[in-house]
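S.K.: After the structure tokens below, expect a handful of questions from me.
The values are calculated or read from the model by the stated rules, or taken from the named source; none is laboratory data. What you see is a predicted model, and the numbers here were worked out from it, not measured in a lab. Please note: Cβ atoms are built from the backbone with ideal geometry, for glycine as well, and neighbour counts cover all protein chains shown.
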Amino acid sequence: AKEPARVLVTGAAGQIGYALVPMIARGVMLGADQPVILHLLDIPPAVEALNGVKMELIDAAFPLLKGVVATTDVVEACTGVNIAVMVGGFPRKEGMERKDVMSKNVSIYKSQASALEKHAAANCKVLVVANPANTNALILKEFAPSIPEKNITCLTRLDHNRALGQVSERLNVQVSDVKNVIIWGNHSSSQYPDVNHATVKTPSGDKSVRELVADDAWLNGEFIATVQQRGAAIIKARKFSSALSAASSACDHIRDWVLGTPEGTWVSMGVYSDGSYNVPAGLIFSFPVTCCNGDWKIVQGLSIDEFSRKKLDATADELTEEKTLAYTCIN
Ligand code: NAI
């Protein structure tokens, strides 16, 4: 039998946490043959709710779940973890300046970076979900210099999955038959959902999404806006932000990273830019990646037309600006 993997979820008493931990305990993230020990971190005001989540995990009697550590102590939470899913953060509240929210999250991610660096298992893989996700991941990377930069990522898989969903609805095809959309850039409304390389599996072979949709106005306009604004649409409808879809996409992100992407398929992940596609190096930027043996690789050589270039540059500019703002918050 496999040794249990230790999986940290921060912000575990929150909405996404509540949807995510049962998925992990059922093997959705790491596979149905991989036992897990869950490490749940939240802050003291949420400690009762956190303990309630632990009680429910026990009550669900998950066969793969070999233990639950529920704590408000960041060192205890990080000790020995193989996977860290960072969902905890400071939310933007009405009337708050962007800089104030950034400042709160910079200090959270700075201290959690140090704890992970000192106490996580060697080769721990980190996924930052909490917003501003790309920049929180960048801060985490900067303050955990001994964690390899390839091990620090942020979640844009939800946006990727949303794009697959929109194409599948529009063409009335199975979502599992659509692949190779791309989310470029920031997990924000400046992201660029790109279908130029996306395909649909049909009885007569793979066909290009652009040809099948045959409506460039929709693809270049409403489709992009819908994916960019989907988070806001969910808040409007549900009065809470996306949780089940965020949790499910976080599982997809880690599962593909650890177990590999299928041949011929790529996914979107926020990773440390090496300058590919003329994206400034040193940003955490969402790229198309393939994964094999626990490592991701940016898909190279895709053609970028003028329309796409502008959109990539705009989201890169926003991330550069966020990075600058974050650095002014470091003390
Ligand atoms: P939530 O407010 O329900 O839960 C957040 C939890 O984090 C709370 O329990 C809070 O007590 C905890 N927390 C705050 N500071 C903490 C700290 N220093 N250490 C540990 N825990 C801490 O929020 P929800 O809906 O679960 O969303 C979580 C984050 O995920 C938000 O930042 C949200 O914007 C982001 N998000 C990101 C998505 C993505 O695709 N990247 C999609 C949806 C949400």
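S.K.: When you scan the stretch 189-198, do you find a residue that is without any contact (Cβ under 8 Å) to a residue 40 or more places away in the chain, outside the structural domain of THR135 (by TED's automatic domain parsing), buried (at least 20 other Cβ atoms within 10 Å of the Cβ) and within 16 Å of the ligand (Cβ to nearest atom), even just one?
M.R.: Checking the stretch 189-198: at least one residue is without any contact (Cβ under 8 Å) to a residue 40 or more places away in the chain, outside the structural domain of THR135 (by TED's automatic domain parsing), buried (at least 20 other Cβ atoms within 10 Å of the Cβ) and within 16 Å of the ligand (Cβ to nearest atom).
S.K.: If a residue has to be buried (at least 19 other Cβ atoms within 10 Å of the Cβ) and within 11 Å of the ligand (Cβ to nearest atom) to count, how many in the stretch 20-56 make the cut?
M.R.: 7
S.K.: Another question about this same structure. Quick one: LEU244 ticks every box in (1) buried (at least 21 other Cβ atoms within 10 Å of the Cβ); (2) within 16 Å of the ligand (Cβ to nearest atom) except a single one, so which number is it?
M.R.: Every listed condition holds for LEU244 apart from (1).
S.K.: Let me ask you something else. Checking ALA46 against (1) small (Gly, Ala, Ser); (2) more than 21 Å from the chain's Cα centre (by Cα); (3) within 20 Å of ALA133 (Cβ to Cβ), which test does it fail?
M.R.: So the condition that ALA46 fails would be (3).
S.K.: Here's a follow-up. What pairs can you find where one residue is in the stretch 42-60 and farther than 22 Å from PRO91 by Cα and at pLDDT 95 or above, the other is small (Gly, Ala, Ser) and in a helix (DSSP H, G or I), and their Cβ atoms are less than 9 Å apart, with a gap of 6+ or different chains?
M.R.: Partner pairs satisfying both residue conditions: LEU57/ALA25; ALA60/ALA25.
S.K.: For the stretch 1-19: of the residues being more than 16 Å from PRO45 (Cα to Cα) and not in a strand (DSSP E or B), which is nearest to the ligand (Cβ to nearest atom)?
M.R.: In this case the residue turns out to be ILE16.
S.K.: With in the same structural domain as GLN229 (by TED's automatic domain parsing), of a type in the set (A, V, I, L, M) and surrounded by 17 or more Cβ atoms within 10 Å (Cβ to Cβ) as the only criterion, which of VAL175, VAL167 stands out?
M.R.: The unique qualifying residue is VAL167.
S.K.: How many residues are modelled with pLDDT of 95 or more, hydrophobic (A, V, I, L, M, F, W, C) and within 12 Å of the ligand (Cβ to nearest atom) when one looks only at the stretch 76-97?
M.R.: 6
S.K.: Tally up the residues in the stretch 142-172 that are more than 14 Å from the ligand (Cβ to nearest atom) and of a type in the set (S, T, N, Q), please.
M.R.: Selection size over the stretch 142-172: 5.
S.K.: Still on this structure, please answer the following. Might you let me know whether the stretch 98-121 holds any residue that is away from the ligand (no atom under 14 Å from the Cβ) and among the polar types (S, T, N, Q)?
M.R.: Looking for residues that are away from the ligand (no atom under 14 Å from the Cβ) and among the polar types (S, T, N, Q), one finds none in the stretch 98-121, hence no.
S.K.: While we're looking at this one, here's another question. When the residues of the stretch 247-263 are narrowed to those that are within 13 Å of the ligand (Cβ to nearest atom) and of a type in the set (S, T, N, Q), which ends up nearest to MET23 (Cα to Cα)?
M.R.: Among those residues, the one meeting the criterion is SER248.
S.K.: On the given criteria, is ASN180 more than 21 Å from GLU318 (Cβ to Cβ) and modelled with pLDDT of 95 or more?
M.R.: So ASN180 passes the test.
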